[in-house]
1. Please go through the range B:82-117 and write out the GluC sites (Glu not before Pro) that DSSP classes as loop and that have at most 14 other C-beta atoms within 10 Å.
2. Can you sort A:Cys58, A:Cys33 by solvent-accessible area, 1.4 Å probe, largest first?
3. In the protein assembly as shown, what % of DSSP beta bridges are antiparallel (nearest 5)?
4. List, in the order given, every pair from B:Lys164/B:Lys202; A:Lys38/A:Lys111; B:Lys164/B:Lys248; B:Lys207/B:Lys233; B:Lys87/B:Lys112 whose Cα-Cα distance in the structure shown is over 19 Å.
5. Accessible area lost on pairing A with B, both sides, 1.4 Å probe, Å² to nearest 100?
6. Could you tell me the distance between the Cα centroids of the range B:24-51 and the range A:1-66, to the nearest Å?
7. Could you work out how much longer the chain between A:Lys118 and A:Asp4 gets when fully extended? Use 0.36 nm per residue separation minus the Cα distance between them, nm to one decimal.
8. Which whole number in µm²/s is D for chain B by Stokes-Einstein, with the Kirkwood Rh taken over Cα pairs at 4 °C and 1.567 mPa s?
Amino acid sequence: MYSDKVMDHFQNPRNVGEIPDADGIGVEGNARCGDIMKIWIKVEDNRIVDVKFKTFGCAAAVATSSMITELVIGKTIEEAEKITNTAVAEALDGLPPVKMHCSNLAADALKKAIEDYKAKH
Amino acid sequence: MKTVYLDHAATTSVRDEVLEAMLPYFKDSFGNASSVHSFGREAKKALDTARETVAEILNADFNEIIFTSGGTESNNLAIKGAAHQYKQRGTHLITSAIEHPAVLNPMKELEKEGFTVTYLPVNEQGIVSVEAFQNAVRDDTILVSIMHANNEIGTIQPIAAIGKIARERGILMHTDAVQSVGYLNIDVDDLNVDLLTLSAHKIYGPKGVGALYVRKGVQLVPQIRGGAQERRKRAGTENTAGIVGLAKALELAHREQAAVVPKIEKLRDRLLEGILQIPHTRLNGSRTERLPNNINVCFEFIEGESLLLNLDLKGIAGSSGSACTSGSLEPSHVLLALGLPHEIAHGSLRLTLGRDNTDAEIDYVLECLPPIVERLRQMSPLYNG
């Protein structure tokens, strides 16, 4: 059902945790639907230097959260904003169709964290 | 890798004795039971013997047993067959909110045809109230269908009491007993039922075969049209090997019930006690009015599919009422009927034991489960522990 990459990120999620002095925080999803992702970003000189996440959800939700942290570290804010949910799914060698809309929300959470950063800076 | 199967409410393996009883009917005794020649007579004899066995265990008559392709077909035949047959008498049906989809979806189809259906709620323990049933009965009620024991939370429903009232009011009573066979008394007279659904694969028999008990005098409109098999109630060449397997599985389950069930219940109780030691964990459904092999718990702050996959990586097979495992966005309708909020219902785990589970397996699950729950909680934005 899940690709090897999804299972790898699900079993060994990268960058789990919180950043106490984060420059931006984003939350996407809701507990009613069964998926919530919260993401913290640290920004220096317009570049994302650290990312952490916490996710309540299925394997697809955990894997997409983990994958986006890998995709985004070192990127400029402009580059990070261009990352889409589809790109995250592609980086994981795809997701089962039923998961594409409900659990694929990492890019939306990241966008909210960037908005939060921009509002503060 | 070590594997522990704790999903017996989903299905069971075919027992050696059952397989052995079935094997001759695939190849050597392959005849069509409707044929006149010796091959056909041999198959017919096997069907008769199987029917006698099933009838005897249900305290029914030989002619009251219809073989089908499984629990789903039996439920469809009972509900749609009776509703269509007796619609001149009335068009009101009663069922419960926690039935299996194989009951709920035929009911919904009948609603589209013009029938009215009352879905009885359950209390927070997951039990249908006899009083609520009594209050729901109308002059035009023709059929009530309440499951004997729930497939998700294992709660045992007051079938005999509901059946008694139904009979007094001239209403047909159906029960889906797929989950209770082998664990509870399924005497159709004790239960006061007119229709009762059975399935083979939940009791160490083969998949694709089941039965429907139809009380003498009850007529059903066939749902499958064709030949005159099964007293014209269910067309199609009989699945001889499967039916022989069903009868053998039922015979063994019935004979061994008194010896095996206490053993399973003891293991279940130990597993449940251990699981409830995990903080923020609750049991779903009644503690007492419950199948002896069923555990259904919710772990707050985590999601069921993640939990199942982590258990699977340890070789432990369970199931969940999480939306992600049902192919829909909604978590289990049974858990929601108990009044659980969505986010809690997403974190459910069902473990159902069987006759071959061991103390060592229970130890292993109790060793693996708490760290998995803790790890998922540490990852959860809902958890502040």
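The values are calculated or read from the model by the stated rules, or taken from the named source; none is laboratory data. It should be emphasised that the depicted structure is a prediction, and the values quoted were computed from it without experimental measurement. All Cβ positions, even for glycine, are placed from backbone atoms using ideal geometry, and neighbour counts span all protein chains on display. Accessible surface is based on the protein model in full, side chains and every heavy atom, while ligands, DNA and RNA are left aside. Shrake-Rupley method; radii C 1.70, N 1.55, O 1.52, S 1.80 Å.
1. Values: sites: B:Glu99, B:Glu109, B:Glu111, B:Glu113; in loops: B:Glu99, B:Glu113.
Listed in order of number, the matching sites are B:Glu113.
2. Working: A:Cys58 0, A:Cys33 65 Å².
Final ranking, largest accessible area leading: A:Cys33, A:Cys58.
3. Numbers: 38 of 57 bridges.
Counting DSSP beta bridges with both partners in the protein assembly as shown, the antiparallel share is about 65 percent.
4. On the way: B:Lys164/B:Lys202 28 Å; A:Lys38/A:Lys111 11 Å; B:Lys164/B:Lys248 31 Å; B:Lys207/B:Lys233 21 Å; B:Lys87/B:Lys112 14 Å.
Beyond 19 Å: B:Lys164/B:Lys202; B:Lys164/B:Lys248; B:Lys207/B:Lys233.
5. Working: alone 6140 and 16570 Å², together 20810 Å².
Approximately 1900 Å² gets buried when A meets B.
6. So the separation of the two Cα centres works out to 61 Å.
7. Working: separation 114, 0.36 × 114 = 41.04 nm, distance 3.58 nm.
Computed gain between A:Lys118 and A:Asp4 is 37.5 nm.
8. Values: Rh = 21.7 Å.
Value of D from the Cα-based Kirkwood radius: 60 µm²/s.
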